[in-house]
Amino acid sequence: MRMDYYCAAKFTDLQVHVQARSLYNCCRAYPERVDLDWLESNPGKLFHTETMVSDRKLMLENKSCQSCHHGCYKYEEQGLPSMRRLHKGQPKINDPYASLKNIQIILSTDCNLKCVYCGPEFSSTWQKEIQQKGDYILDGQSITGDNWSKLWSKMKQKSRTTESKFFKMLLKEIKLAEDIKEISLLGGEPLLNNQLLDIIDHAQNKEISITTGLGVNDKRLHSFLDKIKGNKIKFLVSGEATNKYFDFIRYGVTWLDFAKRIDMITKEGHEVQFISTASNISAFDFHNFYNKYSDQHQIEINVLSERPFLLPHVLDEKSKDVCRKNLDGLGSKANEVLSFLDKEPSDIDRKNLGNYLKQLSRRRNISLTFLPNHFLQWCGFDITN
Ligand code: SF4
Ligand code: SF4
């Protein structure tokens, strides 16, 4: 099969990890480290590093680049969905020096939650769990405190000077990049970070969105909403299931608190859009989430890439039939989830899923009885009826 390697996001989107001083072009691509000296002598070039420009040139010659192989191509080669599908149909950009349109900023990995498909590289609470209880041992997919999370913790211990120097440079870059349309603030949990308000102050007339799991207490959320009065901010809220499914997937915040906080935000007049991560666990309950929120809020489907054993197709046939019945007729977003179910699961993914759920329920002391018996049996639980 001949691949079309072009992706518009390479020419418009940049993700910046402030704490780790890394640049991702785009969010799914492999990162590069910011050279502060280079940036100091090349102001306004944050989106035009040597690597980014050469990757764009490769794309325009319809050649694979390493950073996108990591982010998308390798999944597509296995017949899996990738984030690239969201950028299909956008007008083609032929200039490798095109100007930045969308910047996503990760301020830190501080987060109070341990979402089921997250990990120590993204959430400080996940990091703590791995430090205290050890790695999750899985076949080829272990979740460890190595690599990124160790790098992240090292960054935290470094003097704050470098981080704040980069933060100041970033604020300047935002000012210089006049064509930026949207600034997206990500985490960890951005609502825990005080630098959030600095960025909102520097955003001038640009659109601002905050991606949140709402893992903050009501008092902090209330005070934040007070401070941003007069700004129109879009909240991109992570959520895809209700009740016990929600509590399990978004471990650290309860469904009731989540629903209450959504009301707090909408009452202040801010737009709420949901980012629903399609997984095998959420596939059982996505229809309930959809029925609750789809009338009033937009719902976008996010595709997992880091945990193959949690992908929606890693289900037994009976579970797939249940999910298909629940999702049938709900509309285009449900159809997206439905289309992910068809692929056959591999035996390794099935076993890893069972082992992951066993280790996770043991260390977090969670009962899995809310999941269907046939599903648990299929992935290796000893269920006696
Ligand atoms: S191909 Fe994937 S990783 Fe590369 S820019 Fe597009 S969406 Fe991002
Ligand atoms: S809220 Fe975000 S960063 Fe925190 S655990 Fe969940 S997915 Fe990870």
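Can you name the residue in the stretch 51-66 that is closer than 17 Å to Pro91 by Cα and surrounded by 15 or more Cβ atoms within 10 Å (Cβ to Cβ) and, of all such residues, is farthest from ligand 1 (Cβ to nearest atom)?
Leu60
Would you check if there is a residue in the stretch 102-118 being at pLDDT 95 or above, charged (D, E, K, R) and within 16 Å of ligand 1 (Cβ to nearest atom)?
Taking every residue of the stretch 102-118 in turn, none turns out to be at pLDDT 95 or above, charged (D, E, K, R) and within 16 Å of ligand 1 (Cβ to nearest atom).
Here's the yes/no breakdown for (1) free of Cβ contacts under 8 Å to residues at least 40 places away in the same chain; (2) within 25 Å of Glu189 (Cα to Cα):
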{"site": "Ala9", "(1), (2)": "no, yes"}
{"site": "Leu14", "(1), (2)": "no, yes"}
{"site": "Leu36", "(1), (2)": "no, no"}
{"site": "Glu40", "(1), (2)": "no, no"}
{"site": "Leu46", "(1), (2)": "no, yes"}
{"site": "Glu50", "(1), (2)": "yes, no"}
{"site": "Val53", "(1), (2)": "no, no"}
{"site": "Lys63", "(1), (2)": "no, no"}
{"site": "His69", "(1), (2)": "yes, no"}
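Against the condition surrounded by fewer than 19 Cβ atoms within 10 Å (Cβ to Cβ), among the charged types (D, E, K, R) and within 16 Å of ligand 2 (Cβ to nearest atom), how does Lys128 come out, does it pass?
It is true that Lys128 is surrounded by fewer than 19 Cβ atoms within 10 Å (Cβ to Cβ), among the charged types (D, E, K, R) and within 16 Å of ligand 2 (Cβ to nearest atom).
I'd like the full set of residues that are out of contact with any strand residue (DSSP E or B) (no Cβ under 8 Å at 6 or more places or on another chain) and acidic (Asp, Glu), limited to the stretch 309-349.
Asp316, Glu317, Asp321, Asp328, Asp342, Glu344, Asp347, Asp349 - these are the residues of the stretch 309-349 that are out of contact with any strand residue (DSSP E or B) (no Cβ under 8 Å at 6 or more places or on another chain) and acidic (Asp, Glu).
Select from the stretch 204-237 the residues that are buried (at least 19 other Cβ atoms within 10 Å of the Cβ) and part of a loop (DSSP other than H, G, I, E, B) and list them in ascending order.
Matches in the stretch 204-237: Gly213, Leu214, Gly215, Val216.
Take Ile383 and tell me if it is exposed (fewer than 15 other Cβ atoms within 10 Å of the Cβ) and assigned to a loop (DSSP other than H, G, I, E, B).
So Ile383 passes the test.
If Asp342 satisfies every condition in (1) part of a loop (DSSP other than H, G, I, E, B); (2) surrounded by 14 or more Cβ atoms within 10 Å (Cβ to Cβ) but one, which is the exception?
(2)
Tell me, yes or no, whether the stretch 168-188 has at least one residue that is without any contact (Cβ under 8 Å) to a residue 60 or more places away in the chain and closer than 12 Å to Ile105 by Cβ.
The answer is yes, given that some residue of the stretch 168-188 is without any contact (Cβ under 8 Å) to a residue 60 or more places away in the chain and closer than 12 Å to Ile105 by Cβ.
Taking the condition of being at negative phi, part of a loop (DSSP other than H, G, I, E, B) and modelled with pLDDT of 90 or more, how many residues in the stretch 120-137 meet it?
Looking only at that region, the number is 4.
Keeping to the stretch 20-33, report how many residues are away from ligand 1 (no atom under 14 Å from the Cβ) and buried (at least 20 other Cβ atoms within 10 Å of the Cβ).
Looking only at that region, the number is 2.
Among the residues of the stretch 75-92, which ones are of a type outside the set (Ser, Thr, Tyr), within 21 Å of His313 (Cα to Cα) and near ligand 1 (Cβ under 10 Å from one of its atoms)?
Scanning the stretch 75-92 gives Glu76, Met83, Arg84, Arg85, Leu86.
Counting just the residues of the stretch 194-211 that are polar (S, T, N, Q) and more than 11 Å from Ser184 (Cβ to Cβ), which one comes out farthest from ligand 1 (Cβ to nearest atom)?
Among residues in the stretch 194-211 that are polar (S, T, N, Q) and more than 11 Å from Ser184 (Cβ to Cβ), the one farthest from ligand 1 (Cβ to nearest atom) is Asn194.
The values are calculated or read from the model by the stated rules, or taken from the named source; none is laboratory data. Here the structure is a predicted model, which is why all the values come from computation and not from measurement. Here Cβ is always computed from backbone atoms with ideal geometry, including for glycine, and neighbour counts include all displayed protein chains.
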